[in-house]
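Notes follow once the structure below has been shown.
The values are calculated or read from the model by the stated rules, or taken from the named source; none is laboratory data. Predicted, not measured: the structure shown is a model, and the values here were computed from it. With ideal geometry, Cβ positions are generated from the backbone for all residues, glycine too; neighbour counts draw on all protein chains shown. All accessible areas refer to the heavy atoms of the entire protein, side chains included, with ligands and DNA or RNA removed. Shrake-Rupley method; radii C 1.70, N 1.55, O 1.52, S 1.80 Å.
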Amino acid sequence: MINNLFDYLGLAIFIYMIGASVFYLVLFMFSFLVLRKERGLNKKVPYEDLLVSEDTKPISILVPAYNEETGIVSSVRSLLSMNYKEYEIIVINDGSKDETLERMIEAYHMVETTMTIRKQVPSNEIKTVYRSKLFDNLVLVDKINGGKSDALNAGINTSRYPYICTLDGDSLLEQDALLKVMKPIIDSNEQVIATGGSVRIANGCLVERGEVMNVGLPRNPIVIMQIIEYLRAFLIGRIGLSRHNLLLIISGAFGVFNKSWVIKAGGYERGTVGEDMELVVRLHKLIAEEKSDKQMQYIPDPVCWTEAPESISILSRQRTRWQRGLFETLRKHKDMMMNPKFKKVGLISMPYFLLIELLGAFVEGLAYVFIVSGLFFSLISIELTILLFLVTWFYGCYISMCGVLLEEWSLRRYPKKRHLLILFFYASTEMFWYRPLTVWWRLEGVWQAFRKKTEWGVMTRKGVSK
């Protein structure tokens, strides 16, 4: 009787994993169609026109920085060389305890200045505003610590331009990234109110003066697995969801927003660790309530490079924080779940993030337990054990391999065939060591969310720039 009960539960897990895999395959096909349409196009000429077009909107680039002394100067250096008509860079020092402020002042000859700040969204007190003597478009805001959301809100209040671009303190943008991420907004006559670009991992790359000169792979297996994860998340998940305006997250590491809509939505939610997703969900809610046809899109080609954690301890803090952010956002906006008022976002996106991204960790964790128990303790039948193993391998490894395939077929950021072989090899091993770790961290993140843990966690960076 007990074996039969466990067999039924194992079968339910198998059916769930099949359903989740089919959903990912559908997203893969959507992504393939989008990338096939763009493949082979001359990607340079359309963006050169934007450099002189009157329709190109000025942008305020917001860079919240908390203890970013190792990478902040290089990140700003990369931003100063952007190919874009008009923009300003606002670095927000959120009460750093290291030398973030001092290094910015020294590197860019920052001096105190007087500036009118309109408090349109809530933020902690701004102590001092500095402007560079070398670059008129570079501003440094020193404020009382309040977290990343609060720092972004302070940047919004300080900004002058109608669009804001949010970046992490260690992010490096490619020179045409702003042009590429703004093009859908300009082409749609501002019907698109937010766009996000690809985020790639800079570990293992040759970086000089804030620019990625040569793309390479790191030797650390933990970082290689994160590269594969990013390919899967961005090239499969976000392209597929964006195609039908179902995108619920624009990465805080690189996103552009219509500032008036962000202000109308109340700015970034303070006190949450998933501020990027929470804002996008709130914008979807605002769009539905106003019966607007505004859209948010993901564009695969503009690339932002970031440093990935190289240790298990730091990576675990990052992943538990991400899961807490997902849980908090879904809980806060539970009224949107399966609500026809919010159309496809309420009927498809919200259930997807609940059933697959959040609850999927529980089901996948049970799958690993059942596989081990079936192989060594005969808890379930050997036939069902084999089926669970195959579908879990497909879900955890094969779909990641599809993400690597899309990278090679479309963007080709990794120039050597050896790189692709290494990525394929590691993707094929994901289920056996890395995937169980991420499942455990996701479960831990949900537990922390239930306990209402709000700490951000220390994110030590080594820096990737020379």
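From Cα pairs below 8 angstrom and at least 6 apart in sequence, can you work out the relative contact order of segment 1-152, rounded to a whole percent? Walk me through the numbers before you get to the answer.
Values: 181 pairs, mean separation 30.8, N = 152.
Reported relative contact order: 20 percent.
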Summed residue charge, Cβ within 15 Å of Ile399's Cβ, Lys/Arg positive, Asp/Glu negative
-2
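Within segment 1-142, what percent of beta bridges assigned by DSSP are antiparallel, to the nearest 5?
Details: 7 of 19 bridges.
In segment 1-142, DSSP labels about 35 percent of beta bridges as antiparallel.
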With each pseudo-label sitting 7 Å past Cα toward Cβ, what's the Glu112-Ser311 distance in nm, one decimal?
3.8
Using modelled amide H (1.01 Å from N, peptide plane; none on Pro or chain starts), what sits under 5 Å from the amide H of Met337, excluding residues fewer than 5 places away?
none
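Taking all pairs of different Cα atoms in segment 171-263, averaging 1/r and flipping that mean, what Kirkwood radius in angstroms comes out?
Details: mean 1/r = 0.0672 Å⁻¹.
One over the average 1/r among Cα pairs gives 14.9 Å for segment 171-263.
Would you calculate, for the chain, the mean residue ellipticity at 222 nm contributed by helices, counting each DSSP H stretch of 4 or more residues as -39,500 (n - 2.57) and dividing by all residues, to the nearest 500? Numbers along the way, then the final one.
Values: 16 runs with 205 residues, N = 466.
Helix contribution divided over all residues of the chain: -14000 deg cm²/dmol.
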Descending semi-axes in Å of segment 392-439, equivalent ellipsoid built from Cα gyration tensor
21, 11, 8
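From the square roots a ≥ b ≥ c of the eigenvalues of the alpha-carbon gyration tensor of segment 92-207, which class results: rounded (a/c under 1.5), prolate (a/b over b/c), or oblate?
Values: a/c = 1.73, a/b = 1.27, b/c = 1.37.
Taking the square roots of the gyration eigenvalues as a ≥ b ≥ c, segment 92-207 is oblate.
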Karplus (6.51, -1.76, 1.60) ³J(HN,Hα), θ = phi - 60°, over segment 53-64, in Hz, Gly and Pro reported as x:
6, 6, 7, 6, 7, x, 10, 9, 8, 9, 10, x
J(HN,Hα) series, segment 234-249, from Karplus relation 6.51 cos²θ - 1.76 cosθ + 1.60, nearest Hz, glycine and proline x:
7, 7, 9, x, 7, 5, x, 6, 5, 4, 10, 6, 10, 5, 10, 9
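Calculate the FRET efficiency for Asp98 and Ser373 from the Cβ-Cβ distance with a Förster distance of 45 Å, rounded to the nearest 0.05. If you can, show how the numbers build up before the last one.
Working: r = 48 Å, r/R0 = 1.06.
That pair, Asp98 with Ser373, gives E of 0.40.
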Amide H neighbours of Glu307 at under 5 Å, excluding residues fewer than 5 places away on the same chain, with H built from the backbone geometry, are Ala202
I'd like the antiparallel share, as a percent to the nearest 5, of DSSP beta bridges with both residues in the chain.
45
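Using a probe of 1.4 angstrom, how much of the accessible area of the chain is carbon and sulfur, in percent? If you can, show how the numbers build up before the last one.
On the way: 11700 of 20150 Å².
In the chain, the share of accessible area belonging to carbon and sulfur is 58 percent.
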Report the residues of segment 363-405 in range of a label on Leu11: point 7 Å along Cα→C-beta, backbone N strictly under 16 Å from it.
380-388
Using a ≥ b ≥ c from the Cα gyration tensor of segment 355-421 (square roots of the eigenvalues), is it rounded, prolate or oblate, where a/c under 1.5 gives rounded and otherwise the larger of a/b and b/c decides, a/b for prolate?
prolate
By how many degrees, 0 to 90 and rounded to 10, does the Cα axis of helix 221-231 deviate from the longest principal axis of the chain?
80
Output wanted: per-residue J couplings in Hz (rounded whole) for segment 28-38, from phi through Karplus 6.51 cos²θ - 1.76 cosθ + 1.60, θ = phi - 60°, x for Gly and Pro.
4, 5, 4, 5, 4, 5, 5, 5, 5, 5, 8
Where does helix 275-289 land angle-wise versus the long Cα axis of the chain, in degrees 0 to 90, nearest 10?
90
P(r) of the chain in 20 Å steps, Cα pairs, percent per bin?
24, 58, 17, 1
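Once the piece of chain linking Glu38 and Met338 is laid out straight, how much longer is it, given 0.36 nm per residue of separation minus the C-alpha distance between them? Mind dumping the intermediate values first?
Working: separation 300, 0.36 × 300 = 108.00 nm, distance 3.35 nm.
Difference between extended and current length: 104.7 nm.
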Where does the charge balance sit around Tyr161 when Lys and Arg score +1, Asp and Glu -1, over other residues with C-beta under 12 Å from its C-beta?
+2
Rounded, prolate or oblate, given the Cα gyration tensor of segment 101-156, with a/c below 1.5 counting as rounded?
prolate
Subtracting the Cα-Cα distance from 0.36 nm times the residue separation, let me have the gained length for Lys453 to Arg412 in nm, one decimal.
10.7 nm
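Taking segment 308-466 on its own, what percent of its Cα-Cα pair distances exceed 27 Å?
Values: 5251 of 12561 pairs.
Summing the P(r) of segment 308-466 above 27 Å gives 42 percent of all pairs.
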Given unit charges at Cβ for Lys, Arg (+) and Asp, Glu (-), the dipole magnitude of the chain about its Cα centre in debye, nearest 20, is 500
Non-local amide H neighbours of Val199 (under 5 Å, H modeled in plane, Pro and chain starts lacking H): which ones?
Cys304
